[in-house]
Each structure stands twice: as structure tokens, then as C-alpha cells.
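S.K.: My structure is below; once you've seen it, I'll send some questions.
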Amino acid sequence: MTEKVIYQLSSPGRMGANLPDLDVPEKPLGSLLPQGSVRENLNLPEVSEPEAVRHFVRLSILNHHVDKGFYPLGSCTMKYNPKINEYVARFAGFAQIHPLQPEETVQGALKLMYQLRTCLLEIAGMDEITLQPSAGAQGELAGLLMIKAFHQKNKEKRTQVIIPDSAHGTNPASLTIAGFELVQVKSNEQGIVDVDELKKVVSKETAAFMLTNPNTLGLFEKDILEIAKIIHDAGALLYMDGANLNALLGIVRPGDMGFDVVHFNLHKTFSTPHGGGGPGAGPVGVKKKLEPFLPVPIVAKEVDKSGKETFYLDYKRANSIGKLQAFYGNFAVLVRALTYILANGPDGLRKVAEDAIINANYLLHHLKEYYHLPYPEKCMHELVLSGIKQKAKGVKTMDIAKRLLDFGMHAPTVYFPLIVPEALMIEPTESESKESLDEFIEVMIKIANEVKTNPEIVREAPHNTPVARLDEVKAAKDLDVRWRG
Ligand SMILES: *Cc1c(COP(=O)(O)O)cnc(C)c1O
């Protein structure tokens, strides 16, 4: 089950294209191009079209992906991505426009962005939005920079941002990059923010509290209204990491819970294929008081006396934090997100959240007997189990994760959130059928039994994958993909 690199398939002179005979005088390439731009040794693989196609199809099968099997990676929302999104994103009018085209020639694209803006504002209960950030993490940075600008405008020097001990790793990273100091607040035994602890750490130094709701333990922060009051009474702002919006769609809105800023992960909640680095989109919705600080440009609409709508990019924003990146964001992800929203409609989106919650609770109910459940018996769209019982038998959570691969399933998120030892964070999403959930339950129970009867098979897993246990740190930090054949 291995695949050669494409250079090993190469055969001199073999081609994947049929070119017509030359009908102009032949000239050496060097005489047509600027000096020095012709490479002497262009080492490209020479393969036929079927060889190239088969090679890449085989590679795609070696990797696990959501079109191939269950992918319960907690927090990442690896739901199935409907193919109609791809169909629409490939419309020539979307796929072949250029970001420097004059606005009057791309009215349709601007209208699409405006419609997405309007839908997202309604979904989140916010007043204005930027569609620019290209990931959740960049959305966090944008939100925090707006919060910083807000306090500066009010001549307040607030240097701290509070986050719970269950926060996603991007939260501390973003607040540090934005120039804030990190203050941590503990979770209580129920796995939610300890309000008394929060009161102790809030001060005149607090710029914002960054909270994920439902949090990374899959639990709804039910004290959110009280939390919002504590934060606002202290003159600080409330930021929502909206990566878990999949659990809230059509049920409750961040704006109504008292949040001043929320970032969306369009690639998660609104279904763009992601993982392996993107692409994504992390729009940020804000309440009125933060509108002046939004990055430029935002998409806007003008209606003339006859009722004709014109869409444009609004750069006039005196207090803007500036521009986040070239152009206006990952436009094709915006197309997919709007397609998904319109295809589901308001009731469909609510059903997405309800089904996501039911699916997670179904898994929780059937697995809690076999794996330790550190927090209450009800969750939102994801559940966190702990492998401490299995650890006591000498099998680590990492072994369980690897063993799952043998059954054609992606592992859940492991060792996160950090406050749960041997954590297994499982997010089935709404797009899984009862049959696929039952299959996962069966496999998880089988592994729990193996830990008791045949721990070696788990400890040495995976047995059926093309590669087994890679050095993940080395693979990330010392990447070498050159072929030296
Ligand atoms: C995925 C995620 C993020 C970061 O989003 P990216 O798009 O990966 O940058 C932040 N917070 C939570 C809770 C997440 O799950």
C-alpha cells in the first residue's frame, strides 16, 4: 500500500498532452524570453495523462478524508461538504474574475459578499462584519486589534485579555500577537467558566474576555449573561470564538448573549473542505461600537432613487485597523458558505445544529460506560472523554487514536482540551447517519475490550495504514519533500 513518487514513474519523452505540429518558424526559447529565465536543468516528471491521473487518485485514497469515511475531529467540524458548493464556486463568473477588476464589472460577486454579510449578521446577531480574514485565527487577531483600537480611542490603557483554561491554542497566540498580556481563568467542576474566579481576575486592566461558547469541552456556558455583565461593568469587551457555531445555528445568537465581537469559521460551520492548512475564511462580526475600527474595505450597498442597487467596496473608515491581507479574503470560500446557507435555509440551519447536538449526545450515551466521562452527562455538538481507565492498563490515548485508523476512521482530537488528561474530543457533526455513528461506537467498544484482552494490538497500531507512527514534530518542523532519485 505504498505509492511511488511521480519521478519514479517518469519515462523520458513520455507526455500527457498532444500538441499540434509547429506552424511557425522554430526559435530557441532563450531568444524569446528575458535573459537568464530559461532553466538549464528543468527536472520534470514525464508521464502520460492516465499515469498522472491514477497516481493522484491513488494518493488521495492513501489519505483519510471526509469523503472517504468518518472524521470525528473535535473542534474542527469535519462535516461532509455538499458538492453543490463546489459546483457554484466553479461558475465562471465567480472563478474567473480578477480582484483588480473595476467594481461595475463584478457586481454579482460583490452582491454575493453583501448577501453573505447579511446572512451572517442575522445568524450571529451582530451589526457589521468583515469578510476578509482567511482563517479563524486571523479573525481572532482582527477582533483583538479592533478591541485594542476601541480602548485606545477612549483613551484607556487596557493591557490584559482573559481566556479560560479550556481555550483553543489560537486564542493565547492571537492575543499575544495583538500585544496583550494573557490572564487565565479556571473552569469549575462542571467544565464551564468559574464565575467567582472570573470576578477575581477582571480589573481596569482587562481589555476583553475571549470565550468559546459552547466551549471546547462541548458544554454551553450557561452563565453567559452574568459573565457579559461582569465584563461590561468592568469596561471591557466580550469576544466570542465562534468556531463552535455549529451547535448554535438558528437556536441562539452570540449578539443576544452579550458578545461584542464574534469570529466565524466558514470552513467549519458552513462547509468548505479544510484541514491540511486551508483555505478558510474567518469573518468577524461586531456590534455598533466597534464598527469604526473594521478592516478596510467592507462591502456595502447603495440604492438610488429608482431603487437600483449598486454594490461597492467601502474604504472610508477613519479609525480602521487597516488591511489584513491582499484583496478581500478567500472569495471562493465565501461562495461555498453562502451556497450552504441558502441551500439549508433558516429552518435547515437550525436542524443542522440540533442534529449535531443529538449525534454527539448519542455517542456520549453509548460510550460513557467504556471511557471515563470527566464532565456532566449532556453535551452540545461534541463530547470529551478521557482515556485514563485505559492508561491505567498501559494503553495511551494516542494508541487508541492510532488503532481507530485500522478501522478506516479518522481519530478524534486527542490531548485537547489541556485540562482533561488523556482527552479524546469527539465531534461527529450532523452529517453522519445513525449507521455510521453505530459503527464508530462498535469500534470504540471493541478497542476498549482489546485494551483489556490484547493491549499489544492497540499499543502497536496502526497495522493497516501505508505509514504507521510518524515523528509528528519532525514532520512539521523539518519538512523535506524533495525527491533525490
Ligand atoms: C479551529 C478553531 C480555531 C482556529 O480556527 P482556524 O480557522 O483553524 O484558524 C479557533 N478556536 C477554536 C475553538 C477552533 O476550533
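S.K.: Go through (1) within 16 Å of Ala142 (Cβ to Cβ); (2) outside any helix (DSSP H, G or I) and name the single condition Pro292 misses.
M.R.: It is condition (2) that Pro292 fails.
S.K.: Could I ask something else about it? Under 9 Å between Cβ atoms, which residue pairs at least 6 apart in sequence (or on different chains) link something in the stretch 211-233 that is assigned by TED's automatic domain parsing to the domain that holds Asp256 and farther than 23 Å from Ala137 by Cβ with a partner that is within 13 Å of the ligand (Cβ to nearest atom) and open to solvent by 10 Å² or more (accessible area, probe 1.4 Å)?
M.R.: Phe220/Met380
S.K.: Looking only at the stretch 70-94, count every residue that is within 16 Å of the ligand (Cβ to nearest atom) and either touching a Pro at 6+ places or on another chain (Cβ under 7 Å) or open to solvent by 60 Å² or more (accessible area, probe 1.4 Å) (or both) and tell me the total.
M.R.: In the first step, residues of the stretch 70-94 are kept if they are within 16 Å of the ligand (Cβ to nearest atom); the result is 71-79, 81.
Still in the running and either touching a Pro at 6+ places or on another chain (Cβ under 7 Å) or open to solvent by 60 Å² or more (accessible area, probe 1.4 Å) (or both): 72-74, 81.
Looking only at that region, the number is 4.
S.K.: Further question on the same structure: Here's a check for you: in the stretch 213-237, which residue that is hydrophobic (A, V, I, L, M, F, W, C) and within 21 Å of the chain's Cα centre (by Cα) is nearest to Pro374 (Cα to Cα)? Can you show your working first?
M.R.: If we filter the stretch 213-237 for residues that are hydrophobic (A, V, I, L, M, F, W, C), which is where we start, we get 217, 219-220, 224-225, 227-228, 230-231, 234, 236-237.
After this cut, where a residue has to be within 21 Å of the chain's Cα centre (by Cα) as well, the list is 217, 219-220.
On the way: Leu217: 10, Leu219: 12, Phe220: 15 Å.
For the stretch 213-237, the residue satisfying everything is Leu217.
S.K.: In the stretch 273-284, what count of residues is obtained for those that are at pLDDT 95 or above, more than 8 Å from the ligand (Cβ to nearest atom) and assigned to a loop (DSSP other than H, G, I, E, B)?
M.R.: 2
S.K.: Continuing with this model, one more query. So which residues in the stretch 57-85 are of a type in the set (Phe, Trp, Tyr) and either within 16 Å of the chain's Cα centre (by Cα) or in the same structural domain as Met380 (by TED's automatic domain parsing) (or both), if there are any at all? It would help to see each step written out before you state the result.
M.R.: Going residue by residue through the stretch 57-85, those that are of a type in the set (Phe, Trp, Tyr) are 70-71, 80.
Within the stretch 57-85, Tyr71, Tyr80 meet the criteria.
S.K.: It is to be established whether one or more residues within the stretch 165-187 are acidic (Asp, Glu) and within 16 Å of Ala236 (Cβ to Cβ). Outline the logic, then answer.
M.R.: Of all residues in the stretch 165-187, those acidic (Asp, Glu) come to 165, 181.
Keeping just the survivors that are within 16 Å of Ala236 (Cβ to Cβ) gives 181.
Among the residues of the stretch 165-187, at least one is acidic (Asp, Glu) and within 16 Å of Ala236 (Cβ to Cβ), which makes the answer yes.
S.K.: Among residues belonging to the stretch 258-272 that are open to solvent by less than 10 Å² (accessible area, probe 1.4 Å) and not in a loop (DSSP other than H, G, I, E, B), point out the one that is farthest from the ligand (Cβ to nearest atom).
M.R.: Val261
S.K.: So which residues in the stretch 301-323 are exposed (fewer than 13 other Cβ atoms within 10 Å of the Cβ), of a type in the set (D, E, K, R) and touching a helix residue (DSSP H, G or I) at 6+ places or on another chain (Cβ under 8 Å)? Full working, then the answer.
M.R.: Residues of the stretch 301-323 exposed (fewer than 13 other Cβ atoms within 10 Å of the Cβ): 302-309, 315-316, 318, 322.
From what is left, the residues that are of a type in the set (D, E, K, R) are 302, 304-305, 308-309, 316.
Listed by number, the list holds a single entry, Glu309.
S.K.: Just checking: which of the helices (runs of 4 or more DSSP H) contained wholly in the stretch 95-198 hold 1 or more residues that are surrounded by 13 or more Cβ atoms within 10 Å (Cβ to Cβ) and charged (D, E, K, R)? Talk me through it step by step, then tell me what you get.
M.R.: Working: elements: 107-124, 136-153, 170-177.
Where helices (runs of 4 or more DSSP H) fall fully within the stretch 95-198 and carry at least 1 residues being surrounded by 13 or more Cβ atoms within 10 Å (Cβ to Cβ) and charged (D, E, K, R), they are 107-124, 136-153.
S.K.: Could you please find all residues in the stretch 1-49 being open to solvent by 100 Å² or more (accessible area, probe 1.4 Å), aliphatic (A, V, I, L, M) and in contact (Cβ under 8 Å) with a residue 60 or more places away in the chain?
M.R.: Answer for the stretch 1-49, where residues must be open to solvent by 100 Å² or more (accessible area, probe 1.4 Å), aliphatic (A, V, I, L, M) and in contact (Cβ under 8 Å) with a residue 60 or more places away in the chain: just Met1.
S.K.: State all residues of the stretch 164-212 that are more than 29 Å from Leu385 (Cα to Cα), within 16 Å of the ligand (Cβ to nearest atom) and touching a strand residue (DSSP E or B) at 6+ places or on another chain (Cβ under 6 Å); if no residue qualifies, say none.
M.R.: Once the filter is applied, which keeps residues that are more than 29 Å from Leu385 (Cα to Cα), within 16 Å of the ligand (Cβ to nearest atom) and touching a strand residue (DSSP E or B) at 6+ places or on another chain (Cβ under 6 Å), the stretch 164-212 yields only Ala208.
The values are calculated or read from the model by the stated rules, or taken from the named source; none is laboratory data. A quick note: this is a predicted structure, and the numbers were derived from the prediction, not measured. Note that we place each Cβ from the backbone using ideal geometry, even for glycine, and neighbour counts take in every protein chain shown. Keep in mind that these areas ignore ligands, DNA and RNA; they rest on the heavy atoms of the full protein, side chains included. Shrake-Rupley method; radii C 1.70, N 1.55, O 1.52, S 1.80 Å.
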